[in-house]
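Data block below; observations after.
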Amino acid sequence: ATVGQLNRLKQIEWSLKQFASVRQEFPQAHFLLVGQALTAELDLPAIIARYGLANAVHHIGYVEDPADFLSWTAAADVVIALRQPTLGETSAGALNALAAARPLIVFAQGWYDELADSVALKLPVLDEDAFKRALRHFLMNPDLARTMGAAALDFVQENHKPAMVVARYLTFLREVM
């Protein structure tokens, strides 16, 4: 799955193109898109048709209720959070995926590169072969996805406790003031 606002920076078409190739070997695979697609940037119906994925890609659209959004995130085996270019921002969708005990596939750059290897497969930016290998890896090793998902939940619980985040912000603010 890819979750959150769907825009050109999240490499949706690029991901679906690689997924279409991998799906030839794994016809049981499905790709879930959860979030509003910015139609000025993405023509999802055309992209899905271009790669012959009408029965394999499921666009849920905008999900208003946060609990429902997290449920859709948890429905995925793996969450794909590919942002290129990145401004170094932290991804709420990626953190939600980790909190839902889902491993990530990310590009090894910016904040994503700071994630523990135990919770995310980090790929060279726009490396088609590496992305296809990552998809195949999870499709052939569902137990690995579950193990990484458990590590993801532990990672969030250990590193993103609200009190800890507040303390880090206060330390940062003291340093820059």
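The values are calculated or read from the model by the stated rules, or taken from the named source; none is laboratory data. Nothing here was measured: the structure is a model prediction, and the numbers come from that model. Neighbour counts are summed over all protein chains in view; Cβ atoms, including those assigned to glycine, are modelled from backbone coordinates with ideal geometry. For accessibility, only protein heavy atoms count, side chains too; no ligands or nucleic acids. Shrake-Rupley method; radii C 1.70, N 1.55, O 1.52, S 1.80 Å.
General remarks:
- Paramagnetic reach from Asn7 in region 93-136 [backbone N under 14 Å; point 7 Å along Cα→Cβ]: 93
- Tensor-based shape of region 33-161 (alpha-carbon gyration tensor, a/c under 1.5 rounded, otherwise prolate or oblate): rounded
- Lysine pairs within the chain, Cα separation less than 22 Å, 8 or more sequence positions apart or different chains: 5
- Computed lengthening from Ser71 to Met140, 0.36 nm per intervening residue step minus Cα-Cα distance: 22.4 nm
- Packing-based ranking of 42-49, 100-107, 70-77 yields 100-107, 70-77, 42-49, ordered from highest to lowest mean Cβ neighbour count within 10 Å.
- Segment Ala40-Lys17, length gained on full extension (0.36 nm per residue, minus Cα span): 6.3 nm
- Ala92-Gln24 FRET efficiency (beta carbon distance; Förster radius 25 Å; 0.05 resolution): 0.15
- R0 of 22 Å, Cβ-Cβ distance Glu114-Val165: FRET efficiency to nearest 0.05: 0.90
- GluC sites (Glu not before Pro) restricted to region 34-110 and DSSP loop, no more than 11 other C-beta within 10 Å: Glu64, Glu89
- Using the 1.4 Å probe convention, the accessible area of region 73-177 works out to 54 Å² per residue with neighbouring protein chains retained.
- Residue with peak Gaussian network fluctuation, the chain [Cα springs, cutoff 10 Å], from Asp113, Asp129, Asp154: Asp129
- Rounded FRET efficiency, nearest 0.05, which uses the C-beta distance separating Asp127 from Ala150 and R0 of 25 Å: 0.40
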